[in-house]
1. Picking from 117, 126, which residue would you name as being touching a residue at least 12 places away in the same chain (Cβ under 8 Å) and within 18 Å of residue 76 (Cβ to Cβ)?
2. In the set 32, 78, which member is at pLDDT 90 or above and surrounded by 15 or more Cβ atoms within 10 Å (Cβ to Cβ)?
3. Please specify each residue of region 38-61 satisfying the condition of being crowded, with 21+ Cβ neighbours inside 10 Å and under 30 Å from residue 122 (Cβ atoms).
4. Evaluate the following for residue 63: is it touching a residue at least 24 places away in the same chain (Cβ under 8 Å), part of a loop (DSSP other than H, G, I, E, B) and on the phi < 0 side of the Ramachandran plot?
5. Any residue in region 28-47 that's farther than 24 Å from residue 87 by Cβ: show its pairings with residues that are at pLDDT below 95 at Cβ separation under 7 Å, as long as the two are six or more apart or on different chains.
6. Take the residues in region 44-60 that are outside any helix (DSSP H, G or I) and farther than 15 Å from residue 28 by Cα, then tell me which one is nearest to the chain's Cα centre (by Cα).
């Protein structure tokens, strides 16, 4: 049975934010800064798919570590499922990235869209106003990536596909 994310206590909400931010933002960011200082990557933009290989490996380690920490902590299952989806998405991104560049931003925002959709469908329909916000966010991120010429439409579409598939695979695992 899924639990509402609103069941988090004030303390556990802070702990979730700290735990997720630490494993999915701070540690990967610090690792990438170190890689830049060591000239393992030419720039923080990582313009080529080959430049992303080592940073993605480091990110995989931090995401798996974060997922395991969340899983052991007893947080609501729907949140643990989302974290599993992020691990699957980063693994898929790594495999695809070996061959071609993919939009990591689109993987993330598409995964978030699926998570918000599942929250609305399975926990609390009164938060359905988040769904249009998530859809608009997908459009804004895709538009910005195209505007900045950071990605091609193919790379953006591939990122959306991977983000959705990763979350669906995680959801299928939890409901098996």
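1. Numbers: 126 fails: touching a residue at least 12 places away in the same chain (Cβ under 8 Å).
Result: 117 is the single residue among 117, 126 that is touching a residue at least 12 places away in the same chain (Cβ under 8 Å) and within 18 Å of residue 76 (Cβ to Cβ).
2. On the way: 78 fails: at pLDDT 90 or above.
Residue meeting the stated conditions: 32.
3. 59
4. Working: touching a residue at least 24 places away in the same chain (Cβ under 8 Å): yes; part of a loop (DSSP other than H, G, I, E, B): no; on the phi < 0 side of the Ramachandran plot: yes.
When the stated conditions are applied, residue 63 does not pass them.
5. Listed pairs, sorted by first residue: 36/44; 42/51.
6. If we filter region 44-60 for residues that are outside any helix (DSSP H, G or I), which is where we start, we get 44-49.
Cutting the leftovers down to farther than 15 Å from residue 28 by Cα gives us 47-49.
Numbers: 47: 20, 48: 20, 49: 18 Å.
Among residues in region 44-60 that are outside any helix (DSSP H, G or I) and farther than 15 Å from residue 28 by Cα, the one nearest to the chain's Cα centre (by Cα) is 49.
The values are calculated or read from the model by the stated rules, or taken from the named source; none is laboratory data. Computed from a prediction, not measured in an experiment: that's the story for all the values here. A quick note on method: Cβ atoms are made from the backbone with ideal geometry, for glycine too, and the neighbour counts reach across all protein chains shown.
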